[in-house]
Amino acid sequence: MQLGGGCASGTLFAAGGGNTRMLVTLLFFIVGSVLGINHLAWWQTIPAHAPVSLVKTLGWPVALALNIALFSIAYVVVARIERARHGVL
C-alpha cells in the first residue's frame, strides 16, 4: 500500500475516482490478503509478546498522564525539527 501511494480506504476512494494506478494497487492488496489468509496458521505460530495494558498495569490516571506526556514530548521534538528545517511550523 505504501508503494502504491494509499491506504486501503484511500486506494478504494482513488480507484473509484478513476485513478488506474490504484487499480494495480488494489489488485495486489487483494492478492496479499488472499496469500495472508491462506498462511494464517503459520502467522499464528510466530512468537509474540503478550499484550500489555497500561490501564490495567498503572491505573487509568497514570496511563493517561503517561500518554499525554509522551505525545507532548513527541510534539515538541517534531516542532523543533520542523522549525529548524523550515523556520515555521
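The values are calculated or read from the model by the stated rules, or taken from the named source; none is laboratory data. Values in this document were obtained by computation on a predicted structure and should not be read as measured data. Quick reminder, even Gly has a Cβ in these numbers, built from the backbone with ideal geometry, and neighbours come from all protein chains shown. Quick note on the areas: whole protein, heavy atoms, side chains included, nothing else; ligands and nucleic acids left out. Shrake-Rupley method; radii C 1.70, N 1.55, O 1.52, S 1.80 Å.
Restricting attention to segment 66-85, which residues are surrounded by 10 or more Cβ atoms within 10 Å (Cβ to Cβ) and either charged (D, E, K, R) or in contact with a helix residue (DSSP H, G or I) (Cβ under 9 Å, 6 or more places away or on another chain) (or both)?
LEU66, ASN67, ARG80, GLU82, ARG83 - these are the residues of segment 66-85 that are surrounded by 10 or more Cβ atoms within 10 Å (Cβ to Cβ) and either charged (D, E, K, R) or in contact with a helix residue (DSSP H, G or I) (Cβ under 9 Å, 6 or more places away or on another chain) (or both).
Hey, among ILE68, ILE37, which residue is among the hydrophobic types (A, V, I, L, M, F, W, C), closer than 30 Å to GLY5 by Cα and part of a helix (DSSP H, G or I)?
Answer to the selection: ILE37.
Is it true that some residue in segment 29-38 is under 19 Å from the mean Cα position of the chain (by Cα) and either at pLDDT below 85 or surrounded by 13 or more Cβ atoms within 10 Å (Cβ to Cβ) (or both)?
Checking segment 29-38: at least one residue is under 19 Å from the mean Cα position of the chain (by Cα) and either at pLDDT below 85 or surrounded by 13 or more Cβ atoms within 10 Å (Cβ to Cβ) (or both).
Within segment 40-65, how many residues turn out to be in a loop (DSSP other than H, G, I, E, B) and either among the aromatic types (Phe, Trp, Tyr) or surrounded by 10 or more Cβ atoms within 10 Å (Cβ to Cβ) (or both)?
1
Among the residues of segment 1-15, which ones are open to solvent by less than 70 Å² (accessible area, probe 1.4 Å) and either β-branched (Val, Ile, Thr) or more than 17 Å from the chain's Cα centre (by Cα) (or both)?
Of everything in segment 1-15, those that are open to solvent by less than 70 Å² (accessible area, probe 1.4 Å) and either β-branched (Val, Ile, Thr) or more than 17 Å from the chain's Cα centre (by Cα) (or both) turn out to be THR11, ALA14, ALA15.
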